[in-house]
1. May I ask you to list the residues in the range 122-139 that are at pLDDT 70 or above and within 14 Å of the chain's Cα centre (by Cα)?
2. Counting residues that are closer than 17 Å to K151 by Cβ and of a type outside the set (V, I, T), which helices (runs of 4 or more DSSP H) fully inside the range 163-215 reach at least 3?
3. Here is a check on your reading of the model: is T310 surrounded by 12 or more Cβ atoms within 10 Å (Cβ to Cβ), at pLDDT below 75 and among the β-branched types (V, I, T)?
4. If E235 passes every condition in (1) surrounded by fewer than 19 Cβ atoms within 10 Å (Cβ to Cβ); (2) not assigned by TED's automatic domain parsing to the domain that holds V354 but one, which one does it miss?
5. Tally time: how many residues in the range 1-39 are assigned to a helix (DSSP H, G or I) and either among the small types (G, A, S) or over 23 Å from I217 (Cα atoms) (or both)?
6. Cβ-Cβ under 6 Å, sequence separation 6+ or interchain: first residue in the range 93-109 and buried (at least 24 other Cβ atoms within 10 Å of the Cβ), partner at pLDDT below 85. Which pairs?
7. Do you know which residues across the range 243-278 are aliphatic (A, V, I, L, M), closer than 21 Å to G171 by Cβ, at pLDDT 85 or above and over 18 Å from the mean Cα position of the chain (by Cα)?
Amino acid sequence: MANIVDYIKAHGGYRINRAAPFNELDAMVLSRFSYLPFHKIRLKRRDTIYSIAQKMSALDVDDFAWPEDSELIQAMGLAPRFSSFKTTHYVKKSSAKIAEQFMAITIHISKTKMFISYIGTDSSLHGWREDFNLALMNEIPSQISGAKYLKKVARRYFWKKLYLGGHSKGGNIAMYSAIVVRDFYQNRIISVCSLDGPGMTKKIVDQDLGRSVMPRIKNFIPQDSIIGRLLNHTETFEVVKSNAKNFWQHNIYSWEIDLENKCPVRSESTPKSDFVDKTIDRWIQSASQEQREVFVDLLFRMLEVSKLGTPVDVAAAGFKAIPTFFKAYHTLSRDDRKVITSFIKKLLISAFTVYQENRASKK
């Protein structure tokens, strides 16, 4: 089945105009654009997608976050629909000290419109630590950086309308930035595209900030979504069909595209996704703020000691990671081990409770 790269190859010959207007697949492509390894090329202050593709053609596939990203930029570079777009304001920040991993780039679609693309999580451990902090903090450093970036670029190009987008944490940052900025900026936002991005903390949602911009935010999630259903959501959801399984549906290159109608293939969330969403939500709510902070701190201490890599690396290793992770667990003090054990028990209790509720509702 076709994916977003196939869309570029099939329809990239048509420039954006009234006959072929900017659509949600274009937003998906540009949301993914921020994942490209700009730090590995000599990027000018003002560059074009064509020239970026030329420079990145010399890179190895291993230089890209995902192998498909290499094919994506080459397809964009050859497509008149994207190749002439100019890029500006590339920013990359990474700090283990404050657990921040942030990157953004602006793509100029026309003389009157531009797209701000925020990156999601990279392969750094502190980048993943910041993801977990989404459940602990009202605002994470990358969200604050995202809002500041939006205001800076919007002031510089004060006459331009705005599109925002990002994948995973990048989608969350795009949504957050659109919600918290003043009306002056919100009124210029055409739409926000989040690709399987987590929601906000309840405190942010309860502030009722960004109510006017909410109808312009759309979160695309695969049918077995886990990441994109975390925390609180008030934006519009679109469920997309993925040809991958379980967690690996988070990979947007597995999302199926209807080339004829130029849109994602729609689907419905699965019972599995609903079950995991309810379980995690109940699990998080079962612990206090302090308990959650201690658990996350201990979890990442174990990851550092075990040298297994990020949570995704652990998931990919599967059962093979258990002995190493168990050794890391025993490096903790007795009290710390009790915290980990208690949290795991809470997770099991949450899962059993949701299972029982689901059974009762079907009777």
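1. Within the range 122-139, E130, F132, L134 qualify.
2. The qualifying helices (runs of 4 or more DSSP H) are 169-180, 183-186.
3. Working: surrounded by 12 or more Cβ atoms within 10 Å (Cβ to Cβ): yes; at pLDDT below 75: yes; among the β-branched types (V, I, T): yes.
Spelling it out, T310 is indeed surrounded by 12 or more Cβ atoms within 10 Å (Cβ to Cβ), at pLDDT below 75 and among the β-branched types (V, I, T).
4. If we test E235 against (1) surrounded by fewer than 19 Cβ atoms within 10 Å (Cβ to Cβ); (2) not assigned by TED's automatic domain parsing to the domain that holds V354, just (1) comes out false.
5. 10
6. Cβ pairs passing all conditions: Q101/S94; Q101/D122; Q101/S124; Q101/G127; Q101/E130.
7. Residues of the range 243-278 aliphatic (A, V, I, L, M): 244, 252, 257, 259, 265, 276.
Next, only the ones that are closer than 21 Å to G171 by Cβ stay: 244, 252, 257, 265, 276.
This time we only want the ones that are at pLDDT 85 or above, so: 244, 252, 257, 265.
Within the range 243-278, I257, V265 qualify.
The rows are residues; the columns are (1) crowded, with 19+ Cβ neighbours inside 10 Å; (2) under 24 Å from E268 (Cα atoms); (3) modelled with pLDDT under 90.
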{"residue": "S117", "(1), (2), (3)": "yes, no, no"}
{"residue": "L195", "(1), (2), (3)": "yes, yes, no"}
{"residue": "D208", "(1), (2), (3)": "no, no, yes"}
{"residue": "F220", "(1), (2), (3)": "yes, yes, no"}
{"residue": "I227", "(1), (2), (3)": "yes, yes, yes"}
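The values are calculated or read from the model by the stated rules, or taken from the named source; none is laboratory data. Bear in mind the structure is a predicted one, so any value in this text is a computation, not a measurement. Methodologically, a virtual Cβ is constructed for each residue, glycine included, from the backbone with ideal geometry; neighbour enumeration extends over all protein chains shown.
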